[in-house]
Amino acid sequence: MKEEGLFMTSLLKEHFPMIRDRKTIIHEIGASRALQSIFHSWTADQQEEFLDFCTGARGIKILYDVFIKEVLNPEMVPEHVSSLLSVILKREVRIVSPLPHEGSQITAGGSLIVTDILVVFEDGSYGNVEIQKIGYLFPGERAACYSADLLLRQYKRVRSRQKKFSYKNMKPVYTIVIYENSPKEFHAFPDTFIHTITPVSDTGIKLNLLQNYTFVALDIFTKNHQNKVINSKLDAWMVFLSSDRPEDIVELITAYPEFKPLYEMLYDFCLNTEKVMEMFSKELRM
């Protein structure tokens, strides 16, 4: 296992030379009482996990809160969010602005939400991306509440900006929920990892009811993608979000080089040992 870890470290370090070796990181921790205190508060397995992703023995877990907020920040890198949503929604979308979370009637509570992203698309429609660790804490009922909240936010904004308000000026809203571990209902469809739901009548009448839902089950994608190549941009994003295997990361950045800068951003972040240890401790508390 040790030899395998060394091979994986060299595999990633070949592509990301900023990755530091184990000895350097342990020396830095040992030189600071504060860092030693944090490090020794973890179990042996947790210490190894931390050292593994910092040294490249394992890849970075993108769904760690700080990491995902670095690469999917609609203010700093809206093109990343646009790219992800374009492949999920199966149409080209472009983020023109983030929405403030203030004013929302919904509170996250203790549901282990990794991140939530509120954005306005170029065509005026609204999007809400929720990344959830534990699926059963984000059921369909909760998704419906988030969609209603998003629709109401748009309604208030449009109404305040128009002298003569018309409901015809309301645009669709999209609630996208990405599960790290999806609810049991999704496992009744073991070959499908994306579910899109829109209002449909029993007669065929078409009304623009505005609310659209997309649910993404990363765990089901992972089961289905084993031993398969990355052959689409959708596959690429799903692997990026779900896998910390060095082999997968190398395959991803080889097939889709535009993902390499995203990993570089995160490995640069890992150079700040104090910050990354604080982040890891927070993940362990969650």
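Kindly indicate whether Asp268 is assigned to a helix (DSSP H, G or I) and open to solvent by 20 Å² or more (accessible area, probe 1.4 Å).
yes
Is at least one residue of the range 123-136 surrounded by 14 or more Cβ atoms within 10 Å (Cβ to Cβ) and of a type in the set (Phe, Trp, Tyr)?
Yes, the range 123-136 has at least one match.
Pairs please, first residue from the range 147-167 and under 26 Å from Ile197 (Cα atoms), second anywhere and open to solvent by 90 Å² or more (accessible area, probe 1.4 Å), Cβ atoms under 6 Å, 6+ apart in sequence or on different chains.
These pairs meet every condition: Asp149/Gln105.
If I ask for residues that are among the hydrophobic types (A, V, I, L, M, F, W, C) and over 23 Å from the mean Cα position of the chain (by Cα), which ones from the range 141-157 would you list? Write out each step before concluding.
Filtering the range 141-157 for residues among the hydrophobic types (A, V, I, L, M, F, W, C) gives 143-145, 148, 150-152.
The answer is Leu152, and nothing else.
When you check Leu85 against the structure, is it open to solvent by less than 10 Å² (accessible area, probe 1.4 Å), free of Cβ contacts under 8 Å to residues at least 40 places away in the same chain and either polar (S, T, N, Q) or on the phi < 0 side of the Ramachandran plot (or both), yes or no?
no
Filter the range 189-244 down to the residues that are in a loop (DSSP other than H, G, I, E, B), touching a Phe, Trp or Tyr at 6+ places or on another chain (Cβ under 9 Å) and open to solvent by 50 Å² or more (accessible area, probe 1.4 Å) and list them by number.
Residues satisfying the conditions are Thr192, Thr198.
Tell me the residue from Glu180, Glu130 that is touching an Asp or Glu at 6+ places or on another chain (Cβ under 6 Å) and under 22 Å from Val81 (Cβ atoms), please.
Glu130
Give me a count of the residues in the range 196-225 that are out of contact with any strand residue (DSSP E or B) (no Cβ under 6 Å at 6 or more places or on another chain) and within 16 Å of Pro183 (Cα to Cα).
Matching residues across the range 196-225 total 4.
Restricting the range 10-56 to residues that are surrounded by fewer than 17 Cβ atoms within 10 Å (Cβ to Cβ) and β-branched (Val, Ile, Thr), which is farthest from Leu266 (Cα to Cα)?
Thr43
Does the range 178-186 contain any residue that is touching a Lys or Arg at 6+ places or on another chain (Cβ under 9 Å), open to solvent by less than 70 Å² (accessible area, probe 1.4 Å) and among the β-branched types (Val, Ile, Thr)?
no
Output yes when any residue across the range 155-169 is surrounded by fewer than 12 Cβ atoms within 10 Å (Cβ to Cβ), of a type in the set (Ser, Thr, Tyr), modelled with pLDDT under 95 and assigned to a loop (DSSP other than H, G, I, E, B), and no when none is.
For the range 155-169, residues surrounded by fewer than 12 Cβ atoms within 10 Å (Cβ to Cβ), of a type in the set (Ser, Thr, Tyr), modelled with pLDDT under 95 and assigned to a loop (DSSP other than H, G, I, E, B): present.
Which condition number in (1) buried (at least 21 other Cβ atoms within 10 Å of the Cβ); (2) modelled with pLDDT under 95 is the one that Ser281 fails?
The failed condition is (1).
Give me the pairs: first residue in the range 172-192 and closer than 22 Å to Phe240 by Cα and touching a residue at least 24 places away in the same chain (Cβ under 8 Å), second residue among the β-branched types (Val, Ile, Thr) and part of a helix (DSSP H, G or I), beta-carbon distance under 8 Å, and six or more apart or on different chains, which are they?
Note: pairs meeting the criteria are Ile176/Ile88; Ser182/Ile220; Phe186/Ile220; His187/Ile220; Pro190/Ile220; Thr192/Ile220.
The values are calculated or read from the model by the stated rules, or taken from the named source; none is laboratory data. Quantities reported herein were computed from a predicted structural model and do not represent experimental measurements. Heads up, the Cβs are rebuilt from the backbone with ideal geometry, glycines too, and the neighbour counts pull from every protein chain shown. Accessible surface is based on the protein model in full, side chains and every heavy atom, while ligands, DNA and RNA are left aside. Shrake-Rupley method; radii C 1.70, N 1.55, O 1.52, S 1.80 Å.
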